[in-house]
Structure formats: C-alpha cells, structure tokens
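Have a look at the structure below before the remarks.
The values are calculated or read from the model by the stated rules, or taken from the named source; none is laboratory data. All values derive from a computational prediction rather than experimental measurement. Glycine gets a Cβ as well: all are built from the backbone with ideal geometry, and neighbour counts include every protein chain shown. Areas reflect the complete protein model, heavy atoms only, side chains present, ligands, DNA and RNA absent. Shrake-Rupley method; radii C 1.70, N 1.55, O 1.52, S 1.80 Å.
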Amino acid sequence: MNKYLYITKKSITGLNKFETLLLVAILALTAVGFLLKGEVTFNTSVAAVAAILGVFCVVLGAKGSMANWIFGTVEAFLHIYICFCTHIYGDMLQRLVYNLPMQFVGWNKWKKRMRDDDSQTIHTRYMTWKQRLATTLAVTAGTLALGVFLIYFGPWMIDAMQSVLPDMQFKTLKMDYDHPLQLWLDSFTTVMSVITMYVSVKAFVEQWYMWLAINVAYIAMWLMSASDFSFMTVAKYSVYLINSFYGIYMWNKLSKD
C-alpha cells in the first residue's frame with residue numbers, strides 16, 4: 001500500500017471517541033454553513049471539501065499525526081483555487097508562497113521525529129525560554145507593524161490595486177472595520193498565524209498555546225462584526241478553541257512518552 005494512504009488510513013482508524021466527536025461537531029458546523037448558502041455549484045462543493053479537509057487537518061494535528069500534513073496539502077491547493085475564483089488574491093498569495101510550501105517542509109521535519117511504534121505520530125518538544133522570548137517579540141513587532149500599515153496605507157493600497165484589478169478583494173486588508181479593535185485583532189491573528197505555522201513545523205508544544213490565543217482573538221473579532229457570517233464563524237472557532245486545549249494536552253503528553 002502507498003505510504004501516504006497507509007498513514008492516512010492508520011490515522012483515521014486510530015481516532016478515539018473524543019477526536020471523533022470533535023470531528024463530527026466541526027463537520028456539522030461546516031455542513032450547516034454550506035447548506036445556508038443555498039446554492040450548490042462546483043465551486044461551493046470544492047469549498048465544502050476544503051473545509052472538511054481542514055477539519056481533519058486540525059484534529060490530526062492535535063494528536064501529532066503525520067497525516068495532518070497530507071490533509072493540509074490538499075486543502076491548501078483547494079483553498080488557492082477558491083481564492084483565485086473569488087478574487088481574494090491576498091489570501092491566495094499567502095497560501096501559495098507560504099502555507100503550501102510549509103506543508104512539505106512540515107512533513108519532512110516531522111518525519112525525522114516519528115515514533116517507532118507505528119502510531120504515525122511524532123515526538124514533540126518544548127521551546128527554550130530564549131526561543132519563547134524571541135517568538136513573543138516577533139509577534140508583538142509584527143502585529144504593531146501590520147496594524148500601523150493598515151491604518152496609514154491600507155485604504156491607499158486598496159484603491160491603487162483595485163484601480164488595476166477592480167474585482168480584487170482581500171481577506172485581511174479592508175477599508176474600514178465595524179469596531180476599531182478589530183483592526184488590531186486582525187493584525188494579530190494574521191501575524192500570529194504565520195509565526196505559529198513555523199512553530200508547528202518545528203514540532204514545539206507551544207504552538208497549541210499560540211493557536212489558543214489565535215482562536216480567542218478570532219472569536220472576539222467576529223463577535224464585534226455585523227457580518228451575516230458572524231454566527232457560523234464564531235461557532236467554528238469555538239470548536240477550534242476546544243481543539244486547541246486538546247492539542248495542548250496531547251502534545252504535552254507526546255513530549256513525555
């Protein structure tokens with residue numbers, strides 16, 4: 001059997017009751033969000049599949065499974081396609097130049113830390129205090145820099161780029177926010193997500209504390225939003241928040257086994 005199929009099968013069949021329940025909860029939310037759109041097209045079907053793959057990715061990541069990167073790679077390709085079709089080029093470029101390559105980097109890095117018990121999971125580790133301080137400073141500096149950029153140059157950049165491509169949209173860059181604090185939460189989650197991906201690749205336990213902070217920030221940001229998508233988005237990140245606690249528990253355990 002192909003090793004990737006074997007790892008995927010081993011990981012899925014090895015899910016415990018809590019992991020299965022968590023998957024069902026997130027998949028149910030994904031299905032509700034999909035059905036609320038009302039229209040079933042090829043692109044909405046691709047979006048649903050991408051969402052489901054993303055669910056498997058985060059749950060398998062919480063248990064330190066190699067299959068996390070397999071699901072993440074396919075989801076990244078689908079997300080790039082979705083962003084291209086919907087003209088959300090900022091998010092598309094981030095996925096294309098960073099998230100997608102990091103899936104392959106993560107696979108190669110984690111492969112060197114695999115256990116010998118055929119569980120297809122890895123040995124996790126902790127950062128040094130020096131690494132924790134450097135990470136905190138990087139997140140703080142990055143958040144401040146992006147926040148200031150969005151305040152003073154965001155609207156100008158949107159106007160300039162949309163003058164060339166009128167249908168261009170952005171996931172992060174906006175003309176205004178429903179609440180002033182949203183801009184800083186938006187900056188924090190963007191910077192923190194990029195840095196946390198790198199920490200994840202390095203197999204550090206601390207990544208799950210970082211994902212916990214990201215999910216709390218996302219929930220706060222969307223609670224302030226007047227968008228029609230707010231309820232479903234808050235519900236989704238609430239389940240991701242639970243998965244973060246599970247990731248903390250599992251990765252601390254994996255570092256000691």
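The table for this structure:
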item: Paramagnetic reach from Thr140 in region 192-210 [backbone N under 18 Å; point 7 Å along Cα→Cβ]; result: 192-193, 195-196, 210
item: Relative intensity, log₁₀ I(q)/I(0), of the chain from a Debye sum that treats every alpha carbon as a point, q = 0.10, 0.13 Å⁻¹; result: -0.52, -0.90
item: Solvent-accessible area per residue for region 64-160 (1.4 angstrom probe, square angstrom); result: 55 Å²
item: Gain in span if fully extended, Asp159 to Arg125, counting 0.36 nm per residue against the direct Cα distance; result: 7.7 nm
item: About the Cα centre, charge dipole magnitude for the chain (Lys/Arg +1, Asp/Glu -1 at Cβ), debye; result: 1200 debye
item: Degrees separating the helix 207-223 axis from the principal Cα axis of the chain, which is the longest one; result: 30 degrees
item: Crossing angle, helix 129-152 versus the chain [Cα axis fit, 0-90 degrees, rounded to tens]; result: 20 degrees
item: Region 28-85: proportion of alpha-carbon pairs further apart than 14 angstrom, %; result: 56 percent
item: Per-residue SASA entry for Phe18, accessible area with 1.4 Å probe, Å² rounded to 10; result: 90 Å²
item: Taking region 12-166 and dividing mean pair separation by its residue count, relative contact order in percent (alpha carbons under 8 Å, at least six apart); result: 16 percent
item: Rounded percent of accessible protein surface that carbon and sulfur make up, the chain, 1.4 Å probe; result: 70 percent
item: Euclidean distance of C-alpha centroids, region 80-130 and region 12-78, integer Å; result: 16 Å
item: Count of lysine pairs in region 1-155 with Cα separation under 30 Å (8 or more residues apart, or interchain); result: 25
item: Where only C-alpha atoms are counted, convex hull volume of region 20-127 per residue in Å³; result: 120 Å³
item: Residue-averaged 222 nm ellipticity for the chain, from DSSP H runs of 4+ at -39500 (n - 2.57), nearest 500; result: -25000 deg cm²/dmol
